[in-house]
Structures are given as structure tokens and as C-alpha cells.
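Visitor: This is the structure I have questions about; it appears just below.
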Amino acid sequence: MKNLIGVLGVLALGSALVVGCSSQSKIDQATSQAESSSQQASTAATNAQNSANQAAQSAKGAEEAAAGAQDSVKRANDAVARLEAAFASSVTK
């Protein structure tokens with residue numbers, strides 16, 4: 001009877017160790033997946049920040065180009081007005 005109880009005790013301890021090892025394996029796997037996901041999220045955040053910086057630089061360049069275009073339109077309108085004035089004064093003479 002003592003042998004049977006001893007064998008059952010050893011089996012119970014062995015089962016507990018197997019369950020514990022299995023759980024630890026699952027924990028290790030989940031930890032590894034979480035670390036991988038964290039690295040991917042960090043990479044994605046860095047890429048998003050870089051894209052935002054590039055977009056800001058592009059927007060600044062576009063604003064500068066638009067301002068230059070507005071200046072060109074003003075100069076063109078002034079030139080047209082001068083030509084019209086010169087034409088009008090030459091016709092009326």
C-alpha cells in the first residue's frame with residue numbers, strides 16, 4: 001500500500017511538473033510573440049514619423065512654390081496692365 005501511495009505521489013508530482021513545463025512553454029511563446037509585436041509596432045511608429053516629416057517638408061516646399069507662383073501671377077498681371085496702358089495710349093494718339 002505504501003508503494004502504491006508512493007507511486008501515485010511520484011506520478012502526481014510528475015504530472016504537476018509536466019503541466020508546469022507546458023504552461024511555461026506557452027508563456028515563453030506568448031512572451032516571444034509579444035516582443036515581436038512590440039518590435040513591429042516600434043518599427044511602424046518610426047516609419048510613420050519619418051513619413052510625417054517627409055510630408056511636412058513636402059508641404060513646406062509646396063507652400064513656397066505656391067507663393068512663387070502668386071508672385072509670378074502678380075508680375076504677369078502688372079506686365080499685361082503696362083502693355084494695355086501702352087497700347088491704349090498709342091491708339092489714342
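Visitor: Could you check the simple spin-label distance between GLU63 and ASP28, using points 7 Å along Cα→Cβ, in nm with one decimal?
Guide: Computed distance between label sites GLU63 and ASP28 equals 5.5 nm.
Visitor: Rounded to the nearest 0.05, what FRET efficiency is calculated for VAL91 and ASP71 with R0 set to 25 Å and r the Cβ-Cβ distance?
Guide: 0.25
All of the numbers you see were taken from the coordinates with simple rules; none came from a lab. Quick caveat: nothing in here was measured; it's all calculated off a predicted structure. Reconstructed Cβ throughout: ideal geometry from the backbone, glycine too, with neighbour counts over all protein chains shown.
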